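The values are calculated or read from the model by the stated rules, or taken from the named source; none is laboratory data. None of these values were measured; they are calculated from a predicted model. A quick note on method: Cβ atoms are made from the backbone with ideal geometry, for glycine too, and the neighbour counts reach across all protein chains shown.
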Amino acid sequence: MENRISPFLISILCIGIAVLYIPILVLIGYSFNASALVSVWGGFSTSWYTQLVHNTQILDAAWLSLKIGVVVSTGSVILGTLAAISLVRFKIFRGRLLLTGMVNAPLVMPEVITGITQLLLFISMLHLIGWPHRGFTTIVIAHIAFCSAYVTVTVQSRLASADRSLEEAAMDLGSGPVRAFIDTTLPNIAPALASSWLLSFTLSLDDLVISSFVSGPGASTLPMVIFSKVKLGVSPDVNALASLMISLVGVCVVFAGYLMRRADRQRILDAQMAER
Amino acid sequence: MTSAIRDETPVRAPPRARLGEWLKRRGKWLIILPPLLFLLVFFLIPFGFALVISFADTAVRVPPFTDILSVSPDWHIHLTLNLGNFKYLFSDEVYGLSYLYSLKTAFFSTLICLALGYPMAYAIARTSKSAQSVLLLIIILPFWTSFLLRVYALEGIIRETGLLNTALLWLGVIDHPLQIMRTTLAVYLGIIYSYLPFMVLPLFATLEKLDHSLLEAAADLGSPPWRTFLDVTLPLSMPGVIAGSMLVFIPAIGEFVIPTLLGGPDNLMIGRVLWDEFFGNRDWPVASAVAIAFLVLLVGPIALYQHYNTKQLEA
């Protein structure tokens, strides 16, 4: 089968991948341009990176985004995993259809709609019960609502394919259901938990639209600052910032992918050993 | 000693066992309720608020709209529904036009993504298992990197002094730079560039599961490759086609960042109109009405996506 890929398919694949990567590579190239005029190559320089370290507006926004990202991804993994367990393990319960809909809808709901409706909720809640004030809290809540959906989908497929016999064996040996789950199934779905934590983190770090709606005065996340700079045109310090963020995420994803593959291979090896 | 306790609580089991008993019967709700309630309050109920506010009037106060329910001093409850916002949507043609324009843009971008993504997914599905995992990582990687920054990176290619124009000028293909930024073409390029991975991944998932013996059977029976593709491969990969198309089409309709950063003043997509209504005009009731009307139009595509998605999960 492997040898029968036509040159046409190969070329389309190469073009597609080139389309995905050339802009990013060019951006990284420009970030080392000494010239402030983005169109002229003025020699190699790291001066934009040095300037970045002294830009307090960007640093503050980055710090806020990182704090939000950590809280959001932790919260999303907890809620999303609970939702995944509910959907996979409890076949029949009241509200199952509702939960299924609510974990799938955020994946396709346009962000402008989610953002606007959540803002209206927060405004009305603040009016009625005096909580939450717009800013860190509202951004965290809004992000968890859509990130946990991604977590649920990721963990759900892993949990559905997980072997339950170990867990049943643990229960036969006297473990309670929670203890049995933690001892046997949790290590099994741990890679999915780790990757969905990372996914939530990057989604939260990247979100512009929902954050812009639900944020209050004074709370500007990194994408909000970048967006306001980029609207005015290309700026060299954003090039440096973008290159840093993209390379960091790239290295993390490749490393995580490597770890997951190794863990998977180890698991298959263990299973083969056990069968002997 | 033990009998004394038993006398005091004759029927009840010890508290620990009672808790265990309760957990066994009701414990699953401890798992179900937190995500259910959270999503109910912070995802579903907000739509109710938007619906209510779409029937309100603008007002100069905080929050900037009137209450729908009010209690007069003589204890009458007044329900005031203002249908004007929805009437306004139909009377001012900018809303209708931007809906149609968004639909059109999303439709054609989805078609182009499909035309580009299908051969890509097909090629990946045909490679060896080890090459597949590397290629998939290559496709997924842009999905992890910032969406905003990727749109910005595209601007570096297509702007007047960008790489594309510089290269074409240098090669002598054109003698003055092409105007791509702030045009419809830029919006299409932006959507295709940003959403291509969403098309490739579901397509790959269905094409990978394709039974090759069916293709061989068709070939053995004398079917030329293009007939085999149309008769066997394409129908069997339909769930992936639908799922991928919806994953591109639905978010593309509501796209805000791409038309704002890459498009010109003509590229009025509904996401941009909604944003301007909210942040520019500060007209929250009209913005809510736009959002509700938009959502009603999206119910069809979202239901289609859900239907094929669950089908694929069950397969």
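Among the residues in the stretch B:295-307, are any more than 11 Å from every other protein chain (Cβ to nearest Cβ), more than 23 Å from residue B:84 (Cα to Cα), in contact with a helix residue (DSSP H, G or I) (Cβ under 7 Å, 6 or more places away or on another chain) and in contact (Cβ under 8 Å) with a residue 60 or more places away in the chain? Within the stretch B:295-307, none of the residues are more than 11 Å from every other protein chain (Cβ to nearest Cβ), more than 23 Å from residue B:84 (Cα to Cα), in contact with a helix residue (DSSP H, G or I) (Cβ under 7 Å, 6 or more places away or on another chain) and in contact (Cβ under 8 Å) with a residue 60 or more places away in the chain.
Residue-by-condition table, conditions (1) surrounded by 13 or more Cβ atoms within 10 Å (Cβ to Cβ); (2) free of Cβ contacts under 8 Å to residues at least 12 places away in the same chain; (3) not assigned by TED's automatic domain parsing to the domain that holds residue B:267:
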{"position": "B:17", "(1), (2), (3)": "no, yes, yes"}
{"position": "B:28", "(1), (2), (3)": "yes, yes, yes"}
{"position": "B:35", "(1), (2), (3)": "yes, yes, yes"}
{"position": "B:43", "(1), (2), (3)": "yes, yes, yes"}
{"position": "B:55", "(1), (2), (3)": "yes, no, yes"}
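Filtered by the rule that a residue be assigned to a loop (DSSP other than H, G, I, E, B) and more than 7 Å from every other protein chain (Cβ to nearest Cβ), the stretch A:232-265 gives A:232, A:233, A:235. Restricting attention to the stretch B:133-177, the residues that are in contact (Cβ under 8 Å) with a residue 12 or more places away in the chain, of a type outside the set (Asp, Glu) and either part of a helix (DSSP H, G or I) or more than 17 Å from residue A:233 (Cβ to Cβ) (or both) total 14.
Going by the structure shown, is residue A:52 out of contact with any Asp or Glu (no Cβ under 6 Å at 6 or more places or on another chain) and among the aliphatic types (A, V, I, L, M)? No: the conditions fail for residue A:52. Pull up the stretch A:146-189, narrow it to residues that are at pLDDT 90 or above and among the small types (Gly, Ala, Ser), then point me to the one that is surrounded by the fewest Cβ atoms within 10 Å (Cβ to Cβ). Ranking the qualifying residues of the stretch A:146-189, first place goes to A:149. Of all the numbered requirements in (1) part of a helix (DSSP H, G or I); (2) modelled with pLDDT of 85 or more, residue A:219 misses one, and that requirement is (1).
If you go through the stretch B:57-78 and keep only what is surrounded by 10 or more Cβ atoms within 10 Å (Cβ to Cβ) and either assigned by TED's automatic domain parsing to the domain that holds residue B:283 or assigned to a strand (DSSP E or B) (or both), you end up with B:58, B:65, B:70, B:71, B:78. The criterion of at least 2 residues that are more than 8 Å from every other protein chain (Cβ to nearest Cβ) and out of contact with any helix residue (DSSP H, G or I) (no Cβ under 8 Å at 6 or more places or on another chain) is met by the following helices (runs of 4 or more DSSP H) wholly inside the stretch A:1-114: A:7-31, A:47-53, A:56-89. Consider the stretch B:265-285 and keep the residues that are surrounded by fewer than 18 Cβ atoms within 10 Å (Cβ to Cβ) and of a type outside the set (Lys, Arg). The one that is nearest to the other protein chains (Cβ to nearest Cβ) is B:279.
The residue that is surrounded by the fewest Cβ atoms within 10 Å (Cβ to Cβ), among those in the stretch B:242-264 that are more than 10 Å from every other protein chain (Cβ to nearest Cβ) and not in a helix (DSSP H, G or I), is B:264.
Residue A:228 falls short on exactly one of the conditions (1) out of contact with any helix residue (DSSP H, G or I) (no Cβ under 9 Å at 6 or more places or on another chain); (2) touching a residue at least 40 places away in the same chain (Cβ under 8 Å); (3) within 25 Å of residue B:153 (Cβ to Cβ), and that condition is (2). Does residue B:163 meet the test of being more than 27 Å from residue A:6 (Cα to Cα) and either within 21 Å of the chain's Cα centre (by Cα) or facing chain A (nearest Cβ under 7 Å) (or both)? For residue B:163, the condition - more than 27 Å from residue A:6 (Cα to Cα) and either within 21 Å of the chain's Cα centre (by Cα) or facing chain A (nearest Cβ under 7 Å) (or both) - is met.
If the condition is being touching a Ser or Thr at 6+ places or on another chain (Cβ under 8 Å) and modelled with pLDDT of 90 or more, then the stretch A:104-116 contributes A:115, A:116.
Within the stretch B:226-249, residues that are assigned by TED's automatic domain parsing to the domain that holds residue B:192 reach partners that are charged (D, E, K, R) with beta carbons closer than 7 Å, at six or more positions or on different chains, in the pairs B:239/B:311. From the list B:219, B:167, which one is closer than 30 Å to residue A:36 by Cα, of a type in the set (Gly, Ala, Ser) and modelled with pLDDT under 90? Result: B:167 is the single residue among B:219, B:167 that is closer than 30 Å to residue A:36 by Cα, of a type in the set (Gly, Ala, Ser) and modelled with pLDDT under 90. Would you confirm whether or not the stretch B:206-213 contains a residue that is part of a helix (DSSP H, G or I), more than 13 Å from every other protein chain (Cβ to nearest Cβ) and either surrounded by 20 or more Cβ atoms within 10 Å (Cβ to Cβ) or not hydroxyl-bearing (Ser, Thr, Tyr) (or both)? Checked against the condition, which is being part of a helix (DSSP H, G or I), more than 13 Å from every other protein chain (Cβ to nearest Cβ) and either surrounded by 20 or more Cβ atoms within 10 Å (Cβ to Cβ) or not hydroxyl-bearing (Ser, Thr, Tyr) (or both), the stretch B:206-213 yields at least one hit.
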